[in-house]
1. Identify the single condition in (1) modelled with pLDDT under 90; (2) touching a strand residue (DSSP E or B) at 6+ places or on another chain (Cβ under 8 Å); (3) crowded, with 19+ Cβ neighbours inside 10 Å that Gly346 does not satisfy, given that it satisfies every other one.
2. Out of all the residues in region 439-451, which are surrounded by fewer than 22 Cβ atoms within 10 Å (Cβ to Cβ) and either touching a Lys or Arg at 6+ places or on another chain (Cβ under 8 Å) or modelled with pLDDT of 90 or more (or both)?
3. Report yes if Ser459 is among the small types (Gly, Ala, Ser), crowded, with 24+ Cβ neighbours inside 10 Å, part of a helix (DSSP H, G or I) and in contact (Cβ under 8 Å) with a residue 24 or more places away in the chain, otherwise no.
4. Might you check whether a residue that is acidic (Asp, Glu), surrounded by fewer than 24 Cβ atoms within 10 Å (Cβ to Cβ) and not in a loop (DSSP other than H, G, I, E, B) occurs anywhere in region 265-282?
5. Is it the case that Ala110 is modelled with pLDDT under 75 and buried (at least 16 other Cβ atoms within 10 Å of the Cβ)?
6. So Ala506 passes all but one of these: (1) more than 16 Å from the chain's Cα centre (by Cα); (2) surrounded by 19 or more Cβ atoms within 10 Å (Cβ to Cβ). Which condition number does it fail?
7. On the given criteria, is Ser31 of a type in the set (S, T, N, Q) and at pLDDT 65 or above?
Amino acid sequence: MRRALRLLGTVVAVALVWFAVAGPDTVAELSVRGLVVLPLDGVLLLALIGWAGSRRVTGRAAAVLTVVGVFLGVVSLLRVLDLGFGWALDRPFDPLSDWSYVGAARGLLADATSPVVAVVALVGASALVVGLLVVLPWAVRRLSVAALRPRAGGRVATVAVVALAAGWALLAVTGLHVAPGRQVATTGAVGVAAHHVVLARDEVRDRAAFERGLEVDAVHGVPGDRLLTGLRGKDVLVVFVESYGKVALQGPPQVTSSVDAALDDASAQLGTLGWSSRSAWLTSPTFGGISWLAHSTLESGLWVDSKGRYDQVLSSDRLTLTRAFGEAGWRTVGVVPANQEDWPEGLRFYGYDAFYDDRNLGYSGPRFGYATVPDQFTLKAFHDRELADPHHQPVMAEVDLVSSHLPWTPLPRLLDWDHLGDGSAFTGVRAQALATGGVSGGRAGVKAAYGDSIAYTLSSLVSFLKESRDDDLVLVVLGDHQPASVVSGRGASHDVPVTVIARDPAVTARVGDLWGWPEGLSPRVNAPVWRMDAFRDRFLTTFGPGQVP
């Protein structure tokens with residue numbers, strides 16, 4: 001039994017150390033073939049084990065092994081974080097900024113499941129961090145004890161180190177690949193650590209450069225009476241649809257079937273009522289989540305693709321699209337149903353005159369996963385508070401629709417507009433959704449659930465347009481980012497649909513003439529593609545007097 005336990009301990013130690021020095025760097029490398037590599041620091045570690053083993057792993061040797069083990073524990077943690085961020089957000093972990101997302105992740109998990117599950121997950125993640133920093137030093141010391149019991153083992157280890165070092169050099173020169181983008185000869189844990197040091201250095205430099213860019217704004221100081229003259233008297237809504245990405249329109253049939261049906265129905269209904277539309281693509285600064293980066297990018301005209309940049313832009317006096325409308329005489333409104341706490345930084349930066357969130361939209365119905373308020377109710381509440389009075393001051397609003405947020409179940413359905421009340425009518429809808437079961441069918445089922453959620457939100461928008469009866473209404477409807485790679489796939493673009501919808505044909509005609517956006521609610525394959533930070537200035541130029549660059 002003791003011999004078996006020693007063998008088991010050695011096998012576990014080898015697995016842990018091998019993951020630290022030779023584990024995958026990206027989700028694409030998560031395969032058995034991706035582990036067939038020869039890491040340089042693995043060769044060096046074998047030499048270190050031989051040196052330490054000859055000294056019975058005591059004193060200075062034990063201290064060195066402990067330091068090396070802690071280093072490998074940190075690298076293992078970085079590998080796990082890189083894999084997680086790569087799967088969800090299509091990018092590596094940022095060692096300077098991304099720690100701040102722990103709270104957001106806990107909140108998302110609590111909304112999607114339950115507070116108890118979120119706490120358990122957070123405790124488990126903390127245990128993983130501590131465990132890696134404790135277990136890796138043990139694993140390194142375990143290998144130094146197990147590998148060199150006989151004296152002859154020292155000579156064998158020396159020969160092995162020399163042979164592996166020569167093999168690594170040969171493989172590095174030839175550049176042999178075990179998989180696309182994955183060389184057999186790697187730098188292992190040292191390479192991972194160096195990569196994150198470079199990321200941190202680049203982040204520091206980027207913040208300094210971005211700070212200088214904040215001071216350059218072509219529209220800063222333009223008088224309000226020269227802004228947005230082409231939209232005077234109209235109500236303008238910028239509507240962000242959560243996770244509304246290119247995959248919703250050009251993805252697999254499990255996704256697009258319900259979305260296409262919703263768009264076809266919307267086109268028929270809105271065309272009958274005299275609405276026109278133009279659509280194209282915007283490239284989002286984020287993928288799979290962290291929606292606020294996209295919101296601040298569109299509003300500020302700056303490429304806000306990191307937590308560092310987001311903090312910088314929110315603390316600045318950069319002219320947002322919302323504030324431009326406010327200076328031009330519009331009443332400005334923010335509608336963020338997912339918010340449940342005060343948000344002074346956002347209110348100050350965006351410049352809202354009124355702000356509606358989960359606490360004051362008047363919803364008393366049940367939650368639907370992440371979404372505390374169904375999109376149909378959000379639009380109805382906004383309409384009743386801001387647009388119902390025919391003599392109201394022109395309104396500009398950013399409206400966030402979140403029913404299409406992960407996990408895409410349970411999903412509400414449309415109710416009669418006049419029977420929404422305080423939202424209690426959705427109680428039966430939620431019970432029915434839960435009774436029919438959650439997402440099933442593996443990846444195909446997840447994709448279908450995502451498509452259904454987008455279709456629901458688009459149908460809610462059509463219902464809103466039909467019921468509002470506002471001839472002066474203009475909508476800019478866009479996605480904030482693509483959904484996670486479980487739906488979008490690996491290596492997907494960051495493009496999202498954007499559509500301008502108006503009852504006044506002169507508005508969409510100007511979009512078509514000056515922007516080249518084709519007609520329709522769904523952008524064509526060859527429609528123009530802009531970076532999202534280009535939208536603010538082009539919008540202000542197109543609907544201003546022409547003096548704004």
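The values are calculated or read from the model by the stated rules, or taken from the named source; none is laboratory data. This structure is a prediction, so every number in the text was calculated from the model and none was measured. Don't worry about glycine lacking a Cβ; one is built from the backbone with ideal geometry, like all the others, and counts go over all protein chains shown.
1. (3)
2. Within region 439-451, Ala448 is the sole residue that qualifies.
3. On the way: among the small types (Gly, Ala, Ser): yes; crowded, with 24+ Cβ neighbours inside 10 Å: no; part of a helix (DSSP H, G or I): yes; in contact (Cβ under 8 Å) with a residue 24 or more places away in the chain: yes.
No.
4. Of region 265-282, the ones acidic (Asp, Glu) are 265.
Restricting the remaining residues to those that are surrounded by fewer than 24 Cβ atoms within 10 Å (Cβ to Cβ) gives 265.
Filter once more, keeping what is not in a loop (DSSP other than H, G, I, E, B): 265.
Yes, the conditions are met somewhere in region 265-282.
5. On the way: modelled with pLDDT under 75: yes; buried (at least 16 other Cβ atoms within 10 Å of the Cβ): yes.
Criteria met by Ala110.
6. Here Ala506 meets the rest and fails (2).
7. Numbers: of a type in the set (S, T, N, Q): yes; at pLDDT 65 or above: no.
Here the answer is no, as Ser31 does not meet what is asked.
Yes/no matrix, rows are residues, columns are (1) surrounded by 23 or more Cβ atoms within 10 Å (Cβ to Cβ); (2) at pLDDT 90 or above:
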{"position": "Tyr352", "(1), (2)": "yes, yes"}
{"position": "Asp357", "(1), (2)": "no, yes"}
{"position": "Val373", "(1), (2)": "yes, yes"}
{"position": "Thr378", "(1), (2)": "yes, yes"}
{"position": "Leu387", "(1), (2)": "no, yes"}
{"position": "Ala397", "(1), (2)": "yes, yes"}
{"position": "Leu406", "(1), (2)": "yes, no"}
{"position": "Leu414", "(1), (2)": "no, yes"}
{"position": "His419", "(1), (2)": "no, no"}
